[in-house]
Amino acid sequence: MNDMSNPSIQQFKAFIHERPLLIKEIRQGKITLQETYEKYVLLGEEDPVWNKYLSGSKHDQQKSEEDSSSQFYQKVMKHLENVDLNQVEGHIHNLNGAIGNIVTLIDQFKQYRNSQAGQSQANDFFYKPKD
């Protein structure tokens with residue numbers, strides 16, 4: 001019971017519980033608990049050796065991100081296989097026409113506004129353009 005109250009052992013227990021992959025390797029017999037404790041005492045908690053045992057390690061996160069992005073691309077490719085390119089081309093043509101109509105409307109509005117401004121200036125006898 002005296003060892004259990006030792007703060008370094010309590011810290012080691014907390015350290016081990018934060019690294020489930022390390023516990024898994026100990027249970028599989030790849031390393032012993034004694035070896036792990038000795039490394040812990042010699043290297044300390046902050047040594048990069050322990051990073052690979054974190055459950056949320058960068059390697060695991062990268063792997064899950066790669067898997068999810070791979071699944072996303074597979075879904076996109078599946079949908080692209082079902083796309084009718086003739087319909088897409090027709091939609092683009094219609095959109096291009098709509099954009100052309102909007103540009104024409106804007107040009108007509110500008111011409112109307114400029115002609116209105118010119119008429120009001122011609123009708124104003126005391127109109128003096130500002131410098």
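Structure notes:
- Gain upon complete extension [Ser68, Ile31; 0.36 nm per residue less C-alpha separation]: 10.1 nm
- Shape annotation for region 74-120: C-alpha extents along the principal axes are 63, 19, 5 Å, from largest to smallest.
- For region 1-50, the spherically averaged projection of the C-alpha convex hull amounts to 3.6 nm².
- Per-residue Cβ neighbour counts within 10 Å put Ile26, Ile9 in the sequence Ile9, Ile26, beginning with the fewest.
- Between region 69-87 and region 30-50, the C-alpha centres lie 48 angstrom from each other.
- Charges were assigned to the Cβ only: +1 to each Lys and Arg, -1 to each Asp and Glu. The resulting dipole of region 74-120 about its Cα centre is roughly 240 debye.
Throughout, read-outs are computed from the coordinates displayed, never taken from laboratory work. All of these numbers come straight from a predicted model, not from anything done at the bench. Note that we place each Cβ from the backbone using ideal geometry, even for glycine, and neighbour counts take in every protein chain shown.
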